[in-house]
Structures are given as C-alpha cells and as structure tokens.
Amino acid sequence: NSSEEIFELHEGTKVIILDELDNWKKIKIADGKTGWIYDEALKAFQASKLKIADADFSNFLRKYPTSPYLPLALFWLGNTKYALKDYSGAITQLQAFVKRFPQHPRVPAALLTIANCQLESGNKTAARKTFNEIINDYLNN
C-alpha cells in the first residue's frame with residue numbers, strides 16, 4: 001500500500017496517471033518517479049488549487065480513518081500544508097504521521113519537510129535537530 005518512490009508534488013507539477021484503485025491514482029512525474037495520490041486531491045493539485053487539495057485530504061482522513069491509505073493521506077496533507085506555507089500545520093500533520101507510522105518509507109521525506117518548515121518559520125535550532133535526526137537515522141545506516 002505504499003508507493004515505489006518518494007517525491008513531493010508542487011503546485012503546477014505535471015503528472016501521468018498510470019493506474020487507478022478506488023479513489024486513488026498511481027501517477028508518474030517527469031523524472032520517472034511514481035506514487036499513489038488521492039484522486040480528488042490530485043485533481044486539485046493539477047489545477048493548482050492547493051486549498052481544495054488541503055480540504056480533500058482532510059475530508060479523506062475524516063471519512064476513511066481506517067483506510068490502508070491513511071499514511072499516504074497524512075503525508076500528502078502535510079505536504080499540501082507546506083506548499084500553502086502553513087508551516088505550523090504542516091509540522092503538526094507530518095509529526096503525527098511520523099509518530100503514528102514510524103516505519104513507513106516516507107518518514108525520511110516527512111522529516112525533511114518538517115525541517116524545511118522549521119527553517120521557513122525561523123526556528124533554526126529545531127531545523128538543525130531534525131536535519132541531524134535524518135542524517136543519523138537514515139543516511140548513516
């Protein structure tokens with residue numbers, strides 16, 4: 001239930017739809033990386049409607065709290081908040097993701113986004129701590 005590659009979609013990113021499952025689509029971006037994204041949120045991303053994507057991911061979490069796609073929805077919601085420059089909301093969402101799913105393959109990417117949010121928010125001490133966590137836990141192993 002996890003995608004093959006880790007990447008972030010940014011506003012205006014062009015994607016190719018490879019497969020569909022329930023309300024999810026498997027997508028490929030220009031560099032060839034693939035992953036799964038919630039359909040309605042993908043549509044919002046493609047239309048550069050980040051606030052709608054944010055609402056769609058939030059609604060998905062409320063509607064399907066036991067879905068096997070919950071980890072991905074949490075991850076994408078955090079990244080959507082980051083793209084919206086809601087750094088506090090992104091940190092909260094992504095920290096919840098990391099705490100709840102510590103073995104998920106997207107944890108290093110979530111931590112990187114957390115560190116970037118901390119930097120953007122001016123909290124260099126927290127960002128340094130998060131970057132060190134990434135280095136120690138993921139790059140040195």
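The values are calculated or read from the model by the stated rules, or taken from the named source; none is laboratory data. Here the structure is a predicted model, which is why all the values come from computation and not from measurement. Protein only, heavy atoms only, side chains kept; ligands, DNA and RNA dropped before computing areas. Shrake-Rupley method; radii C 1.70, N 1.55, O 1.52, S 1.80 Å.
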Please list 3J(HN,Hα) in residue order for region 117-123, calculated via the Karplus relation 6.51 cos²θ - 1.76 cosθ + 1.60 where θ = phi - 60°; whole Hz, with x for glycine and proline.
4, 5, 5, 4, 8, x, 9
Using only the Cα atoms, work out Rg/Rh for region 27-122, with Rh taken as the Kirkwood radius, to two decimals.
0.95
With DNA, RNA and ligands ignored, accessible area of Glu20 (1.4 Å probe; Å², nearest 10)
120 Å²
Taking θ = phi - 60°, what integer Hz values does the Karplus form 6.51 cos²θ - 1.76 cosθ + 1.60 yield along region 24-29, in sequence order, with x for Gly and Pro?
10, 10, 8, 10, 10, 9
For the pairs Lys25/Lys81; Lys49/Lys124; Lys51/Lys129; Lys25/Lys49; Lys25/Lys129, flag any whose C-alpha to C-alpha distance is greater than 27 Å.
Lys49/Lys124; Lys51/Lys129; Lys25/Lys129
For region 70-141, rounded, prolate or oblate, judged on the Cα gyration tensor with a ≥ b ≥ c (square roots of eigenvalues), a/c < 1.5 rounded, else prolate if a/b > b/c?
oblate
